[in-house]
1. Obtain the radius of gyration and the Kirkwood radius of the range 1-134 from its C-alpha atoms and give Rg over Rh.
2. Rounded to the nearest 20 debye, what is the charge dipole size of the range 1-132 about its Cα centre when +1 sits on each Lys and Arg Cβ and -1 on each Asp and Glu Cβ?
3. Which whole-number percentage describes the relative contact order of the range 8-134, with Cα contacts under 8 Å and a sequence gap of 6 or more?
4. Given K37/K57; K6/K57; K93/K125, which pairs have Cα atoms separated by over 21 Å?
5. By how many nm would the segment from Q122 to T33 lengthen if fully extended, with 0.36 nm per residue of separation less the alpha-carbon distance?
6. GluC sites (Glu not before Pro), restricted to the range 5-43: which are DSSP loop and have at most 16 other Cβ atoms within 10 Å?
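Quick note: the coordinates plus some simple rules give every number you see, no bench work behind them. All figures in this text were calculated on a predicted structure; none of them were measured in a lab. Quick reminder, even Gly has a Cβ in these numbers, built from the backbone with ideal geometry, and neighbours come from all protein chains shown.
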Amino acid sequence: MIFVQKHWLQAVPWENVLALNQSLCQAQKLEHTTQPKGFEAARRLWEGGAARSLSLKEVLDICRECHGLSPFTFHNGNTFAGAGRLLIEEWTKSLPPVESQIVQTTVSHYIAGLIGRRELLQVLKHFEGSGKVQPAAASAPTAAPVPPVREEAPVFRPNTSPLLSESQPRA
């Protein structure tokens, strides 16, 4: 999965990145504005990546680099993390909800610079190694989901033993 080559960024063109930032700004009643130098560099990087076949690792690096260029005045992290989540949405739908959330959060945190490449790759390799994350084009059968283990709720049992100070004689 990590090394599957695909035209990832064609699924989320630059215009969609702009629309995502605009909606994030609008939700907070902020004016959507751009930083000219960072905006143009990020646009070129994104559009250049859209024209190439990339691995997932490479496309997430582009998202992270675009975030670092700060093309927007507000919400650069949320914008590119949201774009990253859109890029992996197709596969994460096939995962159980908690595992999907783990992958999405890890990708978002990587793009925003909160975790490093080592942590990102550990999580992605974990799901790749277990066969839970498959490329969209793959036709390999997936394993049947394992039913959750039911645990009984803990029973509250009050502590009836005397306190240490109560068991000692007073002077």
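1. Computed over Cα atoms, the ratio is 0.97.
2. Values: 14 positive and 12 negative charges, 37 e Å.
In total the dipole reaches around 180 debye.
3. Reported relative contact order: 26 percent.
4. The pairs that break the limit, which is 21 Å between Cα atoms, are K37/K57.
5. Values: separation 89, 0.36 × 89 = 32.04 nm, distance 3.60 nm.
Between Q122 and T33, full extension yields an extra 28.4 nm.
6. Filter output for the range 5-43: E31.
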